[in-house]
Structure formats: C-alpha cells, structure tokens
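The values are calculated or read from the model by the stated rules, or taken from the named source; none is laboratory data. Bear in mind the structure is a predicted one, so any value in this text is a computation, not a measurement. Cβ coordinates were reconstructed from backbone atoms using ideal geometry, including for glycine residues, and neighbour counts include every protein chain displayed. All accessible areas refer to the heavy atoms of the entire protein, side chains included, with ligands and DNA or RNA removed. Shrake-Rupley method; radii C 1.70, N 1.55, O 1.52, S 1.80 Å.
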Amino acid sequence: MPGGRLTQQERQRIAAGLADGLSYAEIARRLDRPTSTISREVGRNGGAGGYRPQHAHRATVQRARRGTPTPPRGAGPPAGAVEEEIIELAVRSGLPRMTARVHVDLLLSEDGRRTAAELTRRLQVSPASVSVAVNSLVEQGYVRREHDPQRRRDIYVIDDNAWYNSIVISARHTLESAQAALAAAETFGLDTPVGQRMAKAGTFLERVITDMLESADRWRPLLA
C-alpha cells in the first residue's frame, strides 16, 4: 500500500469518485489507500459536497511549507473527518448520501435542531435537496418536524426518541412484509414448494421482528 501524501492526480480521482457517488471505501480501494485517508482528506477540504482537488492540493502544499504542528498526544482526528466517517457509515447502512449528510448534521448539532434554511446554508446544497432528505428522515422516524407559527417555518429536530421511533417504524414495515409472505403461503398452499418457502420466510421475519420490538420497548428507558 502506498504511503506519503496524496498526489494531485489522486485528489482528482477522489473528486471524480465523489461526483460518481462512490463510497469512501470504494475510492480508497481504487487508490490503494486506507479509507481513513480518504475520509480525512475530504473532511478537512470542504466535505463531500465541496471538495475541490486543486484547492486541497494547494492547501496541503501550504501546510507543508509552514510546517504542520505536531498534534498533542491523545488528540483525535479533525471534527470534519469524524463527521465524514459517520456519514460514510450511514451510507453503508443504506441511506442516500444527501440524506445521510442532513442526518449527521442534525445529529452533531448542539441542540439537535435546524431549519431548512440552516441546512441549505451549512451543506451548500439546494433547498429541494434538503426537502427530499428531511422528508425521508421524517418518514423513517429519524427526525421529527416542528412548526414555528410566528416565523412560518418548519424546524427539524433529532432527539433521543428518534432511535426508538426509527427502529419501530422499520420493524413495522418488515412485519408487514412477513405477514404478506404468510398470506402468500396460504394462497399458494402450504403443501407446495412456493408456499413452504414463503411460510418459512414469513415466520422467520415475524419472530425476529417481534423480538426486536420487545427489545426496543424493554430498553427504551435508557433513552429517558
């Protein structure tokens, strides 16, 4: 695996990969670099939505000329790199990148509250992109919407209950799929290969999701 600073060509390939919607892990694999190197590079140079290879390369050269101070013992990675790592994990879990960026920006905000205008300004994206992302997050239970009647605007909030709500909403959707599979098994007949296959799938999903909902209820006091 190559070491040392990223080259200008590598930074151009990073920008191209981001434009194509590739994950940090995939970009790192193509460059034969650690994923942490890519996330740190992007995080401290504008983030996924604002990364510019020429600017990043100039900034690195300038830092090298000045001499970068040695970080204190125990110091962690820059906050931007940490944020990008969390976004990457959210993308791997299935969230679209824009939705993940909005989710993480809310998650890491001081009070867990942002307006659409604040999200648009902070992430440097269009209001339409923010609208699609927050609507998805609200539907999945990650975020709730509060209305400010005085200023005629919505405020998007992420709080401790979001984790419980998101699990319950996801579980209910999966439970509906389990019930649909069991109904299909009855339709095809439990004595047929298709019916047996659907019955096994439906029963498995139903049992697992039931356990998950019971577990979520049991441990919900931890969020209080």
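Tell me which of these Tyr156 doesn't satisfy, since it passes every other one: (1) in contact (Cβ under 8 Å) with a residue 24 or more places away in the chain; (2) in a helix (DSSP H, G or I); (3) crowded, with 16+ Cβ neighbours inside 10 Å; (4) within 22 Å of the chain's Cα centre (by Cα).
(2)
Within segment 26-44, track down each residue that is assigned to a helix (DSSP H, G or I) and in contact (Cβ under 8 Å) with a residue 12 or more places away in the chain. Before the answer, list the steps.
Just the residues of segment 26-44 that are assigned to a helix (DSSP H, G or I), to begin with: 26-31, 35-43.
Within segment 26-44, Ile27, Arg30, Leu31, Thr35, Ser36, Thr37, Ile38, Ser39, Arg40, Glu41, Val42, Gly43 meet the criteria.
Take segment 117-134 and flag every residue that is among the aliphatic types (A, V, I, L, M) and open to solvent by 40 Å² or more (accessible area, probe 1.4 Å).
First, the residues of segment 117-134 that are among the aliphatic types (A, V, I, L, M): 117, 119, 123, 125, 128, 130, 132-134.
Those that are among the aliphatic types (A, V, I, L, M) and open to solvent by 40 Å² or more (accessible area, probe 1.4 Å): Ala117, Ala128, Val132.
Which residue is nearest to Val132 (Cα to Cα), if the candidates are limited to segment 99-110 and must be open to solvent by less than 50 Å² (accessible area, probe 1.4 Å) and assigned to a helix (DSSP H, G or I)? Please lay out each step first, then the result.
From segment 99-110, those open to solvent by less than 50 Å² (accessible area, probe 1.4 Å) are 99-106, 109; that's our starting set.
Now narrow it down to the ones that are assigned to a helix (DSSP H, G or I): 99-106.
Values: Thr99: 8, Ala100: 12, Arg101: 12, Val102: 10, His103: 12, Val104: 15, Asp105: 15, Leu106: 15 Å.
Across segment 99-110, the extreme among qualifying residues is Thr99.
Somewhere in segment 171-190, is a residue at pLDDT below 95, assigned to a helix (DSSP H, G or I) and open to solvent by 50 Å² or more (accessible area, probe 1.4 Å)?
Yes, segment 171-190 contains at least one residue that is at pLDDT below 95, assigned to a helix (DSSP H, G or I) and open to solvent by 50 Å² or more (accessible area, probe 1.4 Å).
Out of (1) part of a helix (DSSP H, G or I); (2) surrounded by fewer than 17 Cβ atoms within 10 Å (Cβ to Cβ); (3) of a type outside the set (Lys, Arg); (4) in contact with a strand residue (DSSP E or B) (Cβ under 8 Å, 6 or more places away or on another chain), the odd one out for Ala162 is which?
Going through the list (1) part of a helix (DSSP H, G or I); (2) surrounded by fewer than 17 Cβ atoms within 10 Å (Cβ to Cβ); (3) of a type outside the set (Lys, Arg); (4) in contact with a strand residue (DSSP E or B) (Cβ under 8 Å, 6 or more places away or on another chain), Ala162 breaks only (2).
Considering segment 86-96 alone, what residues qualify as being in contact (Cβ under 8 Å) with a residue 60 or more places away in the chain and surrounded by fewer than 18 Cβ atoms within 10 Å (Cβ to Cβ)?
First, pick out the residues of segment 86-96 that are in contact (Cβ under 8 Å) with a residue 60 or more places away in the chain: 88, 91-92.
Hit for segment 86-96 is Arg92, nothing else.
Identify, by number, the condition in (1) β-branched (Val, Ile, Thr); (2) open to solvent by less than 50 Å² (accessible area, probe 1.4 Å); (3) under 22 Å from Leu95 (Cβ atoms) that Ile167 doesn't meet.
(2)
Against the conditions (1) without any contact (Cβ under 8 Å) to a residue 60 or more places away in the chain; (2) assigned to a loop (DSSP other than H, G, I, E, B); (3) under 22 Å from Arg40 (Cα atoms), where does Val125 fall short? Just the number, please.
Result: Val125 passes all but (1).
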